[in-house]
1. Considering only segment 64-86, state which residues are in contact with a helix residue (DSSP H, G or I) (Cβ under 6 Å, 6 or more places away or on another chain) and near the ligand (Cβ under 8 Å from one of its atoms).
2. Looking only at segment 24-83, which residues are assigned to a helix (DSSP H, G or I), over 15 Å from the mean Cα position of the chain (by Cα), free of Cβ contacts under 8 Å to residues at least 60 places away in the same chain and surrounded by 15 or more Cβ atoms within 10 Å (Cβ to Cβ)?
3. Please verify whether Lys89 is more than 14 Å from the chain's Cα centre (by Cα) and either surrounded by 22 or more Cβ atoms within 10 Å (Cβ to Cβ) or within 14 Å of the ligand (Cβ to nearest atom) (or both), treating the condition exactly as stated.
4. When you scan segment 107-114, do you find a residue that is out of contact with any strand residue (DSSP E or B) (no Cβ under 8 Å at 6 or more places or on another chain), under 20 Å from Val27 (Cα atoms) and outside any strand (DSSP E or B), even just one?
5. What number of residues within segment 115-157 satisfy the criterion of being assigned to a helix (DSSP H, G or I), farther than 19 Å from Arg21 by Cα and either near the ligand (Cβ under 10 Å from one of its atoms) or among the aromatic types (Phe, Trp, Tyr) (or both)?
6. Checking the condition at positive phi, at pLDDT 95 or above and in contact with an Asp or Glu (Cβ under 8 Å, 6 or more places away or on another chain), which residue from Gly70, Gly82 passes?
7. Out of the residues in segment 92-106 that are outside any strand (DSSP E or B) and more than 10 Å from the ligand (Cβ to nearest atom), which is farthest from Leu72 (Cα to Cα)?
8. So which residues in segment 92-124 are surrounded by fewer than 21 Cβ atoms within 10 Å (Cβ to Cβ), in contact with a Lys or Arg (Cβ under 7 Å, 6 or more places away or on another chain) and either closer than 20 Å to Val146 by Cβ or of a type in the set (Gly, Ala, Ser) (or both)?
Amino acid sequence: MAENLIIAEGGKEEKYELLYRQVASLVEGERDEIANMANVAAMIHCTFGFWWTGFYRVAGDELVLGPFQGPLACSRIKFDRGVCGTAWKQQQTQVVPDVELFPGHIACSSLSRSEIVVPVWQGEKIVAVLDIDSEKLATFDEVDRVWLERIVELLYK
Ligand code: SME
């Protein structure tokens, strides 16, 4: 795939649609999971200009920081802790409109106001989560959930 990310004009749907196609083409030509996570984080981050976009990978009973874009983040998160650990435990995407109202939210940055965490499946197992933080309240909705779930599905297809 070309090394240039193309960002669609228009709304979120249009942006995700083009992003999805570019991710599909990227992962088709590369099977290294870290390389793919790194580029997928960069592509999402640059398309939308989020505050923090990255992966935490499952390692035993913890999540360990993986490829990301944005400021320094916590290295390890326990099962069931924070939004990330909750998404892993509940095996479900977490859409958090206001992180201050989420019990146990881990504040890696005080500027983060809303968040989405999407489990990454390899077959029947969750092997990572995609975490995105926004400086604005209520950034993420069903459109983000649906498209981000589709995008991370491409990683281990
Ligand atoms: N807020 C996350 C922790 C990771 S950072 O935001 C990058 C959580 O509560 O799981």
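1. Phe68, Ile77
2. Leu26
3. Answer is yes for this residue.
4. Within segment 107-114 (the criterion being out of contact with any strand residue (DSSP E or B) (no Cβ under 8 Å at 6 or more places or on another chain), under 20 Å from Val27 (Cα atoms) and outside any strand (DSSP E or B)), the answer is no, since none of the residues qualifies.
5. 0
6. Gly70
7. Top of the filtered list is Gln92.
8. Thr93, Val95, Gly104
The values are calculated or read from the model by the stated rules, or taken from the named source; none is laboratory data. Because the structure is predicted, anything quoted here is derived from the model rather than measured. For neighbour counting, all protein chains shown are included, and Cβ atoms are generated from backbone atoms with ideal geometry for every residue, glycine included.
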